[in-house]
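Okay, so here's the structure we're looking at.
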Amino acid sequence: MSVLKIENLSASYRKNKVLYDVNFDIQPGSLTGIVGPNGSGKSTLLKVMLELHPKLTGKVKFFNSSLSKTKTRVGYVPQRGSVDWDFPTNALDVVLMGLYGKIGWFKWPARKDKERAMESLSKMGMADYADRQISQLSGGQQQRVFLARALVQDADLYLMDEPLVGVDAATEAAIMATLKELKMAGKTVMVVHHDLLTVEEYFDHVMLLNRTIIKYGKTEEVFTKENVQKAYGGVLRWMKEA
Ligand code: ADP
């Protein structure tokens, strides 16, 4: 069973071609780090796959089907900076939004939905903040709420855009523990990640991206000096020599 298969994908912003000739078939049940320099198209790749930005060419298949038919099976955690945190809503409602794909936009959440949302907040250590306006949460707390929202959705594939940016060490550990749990539960997780030092510790698969796929596969096979330097244009000093 294919979880996410991409063929010949390309995308641009106006005339600036950002992604070209992108092909991959994600290993089901893997925890993949998407790694590449700033501006290499990591966020754009997620957005194009999720139809938040148009593609120029190519095919995107979720579970051998279209996104519209599999939407509830796909969870997305956008970059924290891309969200309007001044929007007047509390943490519990943000998590409940993760369920709306399942309960329908116009239905009032049932008590069991609220219980599930609260459970999910608890799991991320945020139960005490359920009624708190999201604008009043710290960056790390906001990120935990995002994760809680993704968890409550109970998706089979998660796409996350830099969930570890701007969080403290405790939140980073909590998020990584959650991602490992998702993997243990048989879910597939793809995470845009910027810290090369933790790639080997955190991910069993790596996708090296620089506008196209430089290499995708098992971390121990892909995350080599040669491949990383290729992705970063050769300017990177390999940290293991430091
Ligand atoms: P990454 O996530 O790897 O840092 P992005 O996908 O954000 O890379 O960006 C890839 C390229 O596309 C960059 O050159 C960036 O400047 C450009 N880009 C990203 N978003 C936009 C946008 N909304 N409008 C125009 N150009 C954009």
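The values are calculated or read from the model by the stated rules, or taken from the named source; none is laboratory data. The model shown is predicted, which means the values in this text are computed figures rather than measured ones. Glycine gets a Cβ as well: all are built from the backbone with ideal geometry, and neighbour counts include every protein chain shown.
Residues in the stretch 12-69 that are in a strand (DSSP E or B) and not hydroxyl-bearing (Ser, Thr, Tyr): 18 in all.
Considering the conditions (1) under 17 Å from the mean Cα position of the chain (by Cα); (2) in a helix (DSSP H, G or I), LYS112 is excluded by exactly one of them, (1). The residues of the stretch 146-164 that are within 16 Å of the ligand (Cβ to nearest atom), out of contact with any helix residue (DSSP H, G or I) (no Cβ under 7 Å at 6 or more places or on another chain) and part of a loop (DSSP other than H, G, I, E, B) amount to a single one, GLU162. Considering only residues in the stretch 165-195 that are modelled with pLDDT under 95 and within 16 Å of the ligand (Cβ to nearest atom), the one that is nearest to ILE34 (Cα to Cα) turns out to be HIS194.
Inside the stretch 39-97, residues that are exposed (fewer than 14 other Cβ atoms within 10 Å of the Cβ), more than 16 Å from the ligand (Cβ to nearest atom), among the hydrophobic types (A, V, I, L, M, F, W, C) and under 30 Å from ASP25 (Cβ atoms) make up a count of 0.
For every residue, the table says whether it meets (1) in contact with a strand residue (DSSP E or B) (Cβ under 6 Å, 6 or more places away or on another chain); (2) of a type outside the set (Phe, Trp, Tyr); (3) within 22 Å of LEU45 (Cα to Cα).
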{"position": "GLY139", "(1), (2), (3)": "no, yes, no"}
{"position": "GLN143", "(1), (2), (3)": "no, yes, yes"}
{"position": "ALA155", "(1), (2), (3)": "yes, yes, yes"}
{"position": "GLY166", "(1), (2), (3)": "no, yes, yes"}
